[in-house]
Amino acid sequence: MPTISRDEVAHLARLARLAVTEQELDKFAGQLDIILQSVAQVTEVAADDVPPTSHAVPLTNVFRDDVVRPGLTQQQALSGAPAAEDGRFRVPRILGEEQ
Amino acid sequence: MSELTRLTAAELAAKIQAKEVSAVEVAQAHLDRIADVDPAVHAFLHVSAESALAQARAVDEDVAAGNQPASPLAGVPLALKDVVTMQGAPTTCGSKMLEGWHPPYDATITTKMLEAGIVILGKTNMDEFAMGSSTENSAYGPTRNPWDLDRIPGGSGGGSSAALAAFEAPLAIGTDTGGSIRQPGAVTGTVGVKPTYGGVSRYGLVAFSSSLDQAGPCARTVMDAALLHEVIGGHDPLDATSIDEPVPAVVQAVREGSIGDLRGLKIGVVKEFSGDGYEPGVMVSFNEAVERLRSLGAEIVEVSCPHFKYALSAYYLIAPSECSSNLARFDAMRYGIRVGDNGERSAEEVMSLTRDAGFGPEVKRRIMIGTYALSSGYYDAYYGSAQKVRTLIKRDFEAAYEKADVLVSPTTPTTAFPLGERTDNPMAMYLADLCTIPASLAGHPAMSVPSRLSGVDGLPVGLQIMAPALQETRMYRVAAAYEVARNEADGGPLINRVPELEVAR
Amino acid sequence: MTAAAELMDYDEVISKFDPVLGLEVHVELSTATKMFCGCPVTFGGEPNTQVCPTCLGLPGALPVVNANAVASAIRIGLALNCEIAEWCRFARKNYFYPDMPKNFQTSQYDEPIAFNGWLDVELEDGTVVRVDIERAHMEEDTGKSLHVGGATGRIHGAEHSLLDYNRAGVPLIEIVTKPITGTGARAPEVARAYVTALRDLLRALDVSDVRMDQGSLRCDANVSLMAKDASEFGTRTETKNVNSLRSVERAVRFEMTRQAAVLQAGGRIVQETRHFDESTGSTSSGRAKETSEDYRYFPEPDLVPIAPSREWVEELRQTLPEMPSVRRKRIQAEWNLTDLELRDLLNVGAVDLIAATVDAGASPGEARAWWVSQLAQEANSRGVELADLPITPKQVAEVIKMVASGQLTNKLARSAVEGVLAGEGEPAEVVEKRNLKVVSDESALTAAVDEALAAQPDVLEKIRSGKVAAAGAIVGAVMKATKGQADAKRVRELILERANA
Ligand SMILES: [Mg+2]
Ligand SMILES: [Zn+2]
């Protein structure tokens, strides 16, 4: 497995929306490298014929009836908001495009 | 300290129903104890004295009216891990990110406990978002182990385990993703049970790793854990991964186990859980426990689970991957703290600044590992391979359960380590979960019961008992039989040997 | 923003390039509740009043799949001639955006519920083009942002934004075509015809409101060009915000002429998202991304796999309505329409509306008359599709029934329809509010007739002498006196009765 560079850590931090400091970058680069090298041993036994397990219990088709359930009031919904205005969550200006 | 705080949950419930003591007195005794010792232990992040007393009063009114008790635990106080939502109290998950957040809804298990008449004393400390094995990753400072205040109480549920060992509460709720109920139980000499995945609702449990997280009962006795298990277990239509089956009859299993007869039962000792890294004091305690189980009539067999050695690696890919996604919602837009919003910065910048300020280093580390493991080009090698290892571990368990009814191992390779010892070495910290992770990956139930104290450092050691999915009754039966036998041999419960704590006032 | 794009003449584009289309349509299902929680999906509620811990992404909340949404997804898949997965999962699509409460969208990735289908699309001249369907998968909608400050109310230049999560979690089906090739100059027309056919199909299935103007049907158009001698597809762009059928056609055409000009000048097409501007009919580049998006898909651990039994799939197949194309053929025969007449009706998008109106109890003639006259004019003047008018076939049928029963005159009926279009409520409410009831009080009518006859003795004389046609003038006077709220037929009868009395 490739060793992880400082640049890669910076890229990961951007993807994960973490404004890490330069200092943190160095520290994390070293630690992530050790962890990832250690956990890379999973590849040793992950043969092609082994199916992956995504869920611990073998359930399928768990559905809900299409029936309205009471939710939150507007006040409850906004109760934890750092900022609110006109019944809406107020957030700083958004730069990116919608996906 | 009031004698009331030394009693078991079952004893307290009986006394309340017999009107020997009121639920309010019981709650008050525990609130007093918290006031006395929590400054030193720091098990609680929030104490809900008022609502606890109100809940206790309601139980007393029920008793006075001659009503049937709401449950066998009506009036018994409980400490709730701060990762479970409860209205009227903050839920922080040990993180600065959620400082002051009051959830507008109750977790399903919170609802079930309140309906059962359980008195919720407050919210307990934990590693931030349940990531850690020592509770040192809490943004609100570490919890200390009542056996030795310079040592860790385990993690992530160190607040819950310490609350039990410090006699601040007879019951607690923990959550276990890779061992966060069992490992704290082991290092504090208490009982901790991780139910079958899907056995207890996850609705209202702030997610760390969704495919692994499971809430479970923590107590000082096996019976108390079983009583709580029956209250919180069962199907929840709000959790799609909840199993639609009756709760296993674990209380009955404890009664049967208490007779002390394990004849006809096969107990498998997992060969791979020994050797390098296992402290001698732990292994002596474990071997003694195995011998005791043999003396109770169980047949001891050795089993081999060759893929367990990959479990830790698989876990440290799966859990961070899921957490990187689960924790994305903490973005300063809808709840939680917001940092750097000066009217100029964009939402994107404020998100990044908030997440950097709100998350501690371990959480960031795992988010970055998970982001890496899921990213295109690495997914197959990391996340994909880890999920294959999960299959191999399930197969190992299947083979082992052909030979044995339950499996046993030490819960954790070492006793409680000193605070600060592993904080700068994530890999060393991760080893604390070496023995607990396989059952987590398989979704199987597993529990820790105290075995004898380590002869080396005099600290508690845990015996882990694992069982196949939904076979909780087997492990409770073994645990109860073992508990009775060890108490008899040792002249009383191990928990009675916790040193007296200095009282704050 | 860059300066206005250079465009190539359309005929030249076609002589040099072959267009390749890919259309992604998002459909909001008209279930009672959201995809993963029990919140209602109704449009237009007060902000943040149709939310719960789950669709608000609160810590600890969990999703549970709406059975009805799965049934709708399967029915859509079947109607699009798709295979239905034996086993599939939801996945998380991870990216940060404030209108998405969890910062991941619960969607389907490599295991869609329906795949490998097709839809036959009829063009204006009757040519049928088969569009292959890659997949139809389930996902959830996002919340809505309101951008405050700045000149345009758009995202650029805004000072801050306000978020409403009522729409977050509304069930969406995303329908993706395979690359559509070989359409040549007709590519824009095919794109429009495909979305039209899909909309008609979804309406027939009764799974969605399919209102492009309200966003319950949304289309993203992928366009690329291949040089005539090329063997591989060119780089594509994805145009979003295409909010009407006409816009689909315009957006595709614009991209073809823009891309051709870029390629002709030796430039390179950038794979990017482009934004369609209704007012100019042009597309503009979205904000350039620093890095290509990496969605880090993985199976949704909070939801278990879906394995629709073949029995269930067959049961759902039985619920499929007559497909619009089949229905049209039948209707043509039943209504006795020429090909041209049918095509005219099709071109204004009236066939299914008329049929639905007939299904709701109106006569074919009346239904046709309403949709192709007053309503078609109304749609035209509003610049919307006929189907997007805020009136339903059921409501039109209701009005027609009132006329048939003598409750309304044709004139009053037009006013009733105006009221419905103006959002005044159901036809009955409009009739009530606008006081449109026919004057059926015989004594009042008789009085009005007598008065009119007395006022025009010469006309009275003519009628008496057998010149019945002269009664028309009296009818007019009576209608005027009753403000049009009388039944003209009855008035005529009364005139003759009274004149000869
Ligand atoms: Mg999509
Ligand atoms: Zn909701």
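A few remarks follow.
- Wholly enclosed strands (runs of 3 or more DSSP E) of the range C:121-183 bearing at least 2 residues more than 10 Å from chain A (Cβ to nearest Cβ) and either more than 16 Å from ligand 1 (Cβ to nearest atom) or more than 22 Å from the chain's Cα centre (by Cα) (or both): C:128-140
- Selection status of C:S373, touching a residue at least 40 places away in the same chain (Cβ under 8 Å) and open to solvent by 40 Å² or more (accessible area, probe 1.4 Å): no
- Of all the numbered requirements in (1) within 7 Å of another protein chain (Cβ to nearest Cβ); (2) open to solvent by 20 Å² or more (accessible area, probe 1.4 Å); (3) of a type in the set (A, V, I, L, M); (4) in contact with a strand residue (DSSP E or B) (Cβ under 9 Å, 6 or more places away or on another chain), B:L353 misses one, and that requirement is (4).
- Within the range C:307-331, the set of residues being β-branched (V, I, T) and either assigned to a helix (DSSP H, G or I) or surrounded by 14 or more Cβ atoms within 10 Å (Cβ to Cβ) (or both) comprises C:V313, C:V326, C:I331.
- Subset of the range C:43-70 (residues that are among the small types (G, A, S) and facing chain A (nearest Cβ under 9 Å)): C:A67, C:A69
- Yes/no for B:G370 being of a type in the set (G, A, S), on the phi > 0 side of the Ramachandran plot and either outside any loop (DSSP other than H, G, I, E, B) or open to solvent by 10 Å² or more (accessible area, probe 1.4 Å) (or both): no
- The residue of the range C:89-120 that is farthest from the other protein chains (Cβ to nearest Cβ), among those that are open to solvent by less than 10 Å² (accessible area, probe 1.4 Å) and over 30 Å from B:G336 (Cα atoms), is C:G117.
- Restricting B:L238, B:L265, B:L228 to residues that are within 30 Å of B:I300 (Cα to Cα) and surrounded by fewer than 24 Cβ atoms within 10 Å (Cβ to Cβ) narrows the list to B:L265.
- Test for C:A71: is it touching a residue at least 40 places away in the same chain (Cβ under 8 Å) and within 16 Å of ligand 1 (Cβ to nearest atom): no
- Considering (1) assigned to a loop (DSSP other than H, G, I, E, B); (2) in contact with a strand residue (DSSP E or B) (Cβ under 7 Å, 6 or more places away or on another chain); (3) open to solvent by 10 Å² or more (accessible area, probe 1.4 Å), the lone condition that B:G340 does not fulfil carries the number (2).
- Matching residues, the range B:169-200, being of a type in the set (S, T, N, Q) and either within 8 Å of the chain's Cα centre (by Cα) or open to solvent by 10 Å² or more (accessible area, probe 1.4 Å) (or both): B:T175, B:S180, B:Q183
- Summed over the range C:332-363, the residues that are part of a helix (DSSP H, G or I), open to solvent by less than 50 Å² (accessible area, probe 1.4 Å) and at pLDDT below 85 give a count of 2.
- Among (1) modelled with pLDDT of 95 or more; (2) open to solvent by 50 Å² or more (accessible area, probe 1.4 Å); (3) among the charged types (D, E, K, R); (4) more than 16 Å from ligand 1 (Cβ to nearest atom), the one test that C:E189 misses: (2)
Yes or no, residue by residue, for (1) more than 14 Å from chain A (Cβ to nearest Cβ); (2) under 18 Å from B:P438 (Cβ atoms); (3) at pLDDT 95 or above; (4) out of contact with any Cys (no Cβ under 7 Å at 6 or more places or on another chain):
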position: B:G281; (1), (2), (3), (4): yes, no, yes, yes
position: B:F286; (1), (2), (3), (4): yes, yes, yes, yes
position: B:A289; (1), (2), (3), (4): yes, no, yes, yes
position: B:V303; (1), (2), (3), (4): yes, yes, yes, yes
position: B:A311; (1), (2), (3), (4): no, yes, yes, yes
position: B:A319; (1), (2), (3), (4): no, yes, yes, yes
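- Evaluated against (1) within 14 Å of chain C (Cβ to nearest Cβ); (2) touching a strand residue (DSSP E or B) at 6+ places or on another chain (Cβ under 9 Å); (3) open to solvent by 10 Å² or more (accessible area, probe 1.4 Å), B:Y203 falls short on exactly one condition, (2).
- Flag for A:T43 being at the interface with chain B (Cβ under 9 Å from one of its Cβ atoms) and among the hydroxyl-bearing types (S, T, Y): yes
- For the range B:362-406, the tally of residues that are more than 7 Å from every other protein chain (Cβ to nearest Cβ) and closer than 30 Å to B:R263 by Cα stands at 13.
- Residue in the range A:52-74 that is within 30 Å of B:S242 (Cβ to Cβ), open to solvent by 70 Å² or more (accessible area, probe 1.4 Å), facing chain B (nearest Cβ under 9 Å) and within 21 Å of the chain's Cα centre (by Cα) present: yes
- For A:D7: the one exception among (1) part of a helix (DSSP H, G or I); (2) within 28 Å of C:Y97 (Cα to Cα); (3) modelled with pLDDT under 90: (3)
- Only strands (runs of 3 or more DSSP E) whose full extent lies in the range C:1-110 are considered here, and the ones with at least 1 residues that are more than 16 Å from ligand 2 (Cβ to nearest atom), farther than 16 Å from A:R69 by Cβ and of a type in the set (K, R) are C:91-94.
- When residues of the range C:133-147 are limited to those that are modelled with pLDDT under 95 and open to solvent by less than 40 Å² (accessible area, probe 1.4 Å), the one farthest from ligand 2 (Cβ to nearest atom): C:H147
- You will find that of B:A481, B:A485, B:A489, the residue that is more than 25 Å from B:K271 (Cβ to Cβ) and either part of a helix (DSSP H, G or I) or at pLDDT below 95 (or both) is B:A489 and no other.
- Scanning the range C:199-221 for residues that are under 19 Å from C:V20 (Cα atoms), of a type outside the set (G, A, S) and open to solvent by less than 10 Å² (accessible area, probe 1.4 Å) gives a single hit, C:C219.
- All positions within the range C:191-240 that are among the hydrophobic types (A, V, I, L, M, F, W, C) and more than 25 Å from C:G117 (Cβ to Cβ): C:L225, C:A227, C:A230
- Test: residue in the range B:190-211 that is of a type in the set (K, R) and more than 17 Å from B:R474 (Cβ to Cβ): yes
- One residue stands out among those in the range C:8-42 that are more than 16 Å from C:I180 (Cβ to Cβ), touching a Pro at 6+ places or on another chain (Cβ under 6 Å) and within 16 Å of ligand 1 (Cβ to nearest atom): the one that is nearest to the other protein chains (Cβ to nearest Cβ), which is C:F36.
- 1 or more residues assigned by TED's automatic domain parsing to the domain that holds C:L375 and within 30 Å of C:A379 (Cα to Cα): qualifying helices (runs of 4 or more DSSP H) within the range C:395-501: C:410-421, C:427-433
The values are calculated or read from the model by the stated rules, or taken from the named source; none is laboratory data. Note that the structure is predicted; figures quoted are calculated from it, not measured. Methodologically, a virtual Cβ is constructed for each residue, glycine included, from the backbone with ideal geometry; neighbour enumeration extends over all protein chains shown. To get the accessible areas, we keep the full protein, side chains included, count just its heavy atoms, and leave off ligands, DNA and RNA. Shrake-Rupley method; radii C 1.70, N 1.55, O 1.52, S 1.80 Å.
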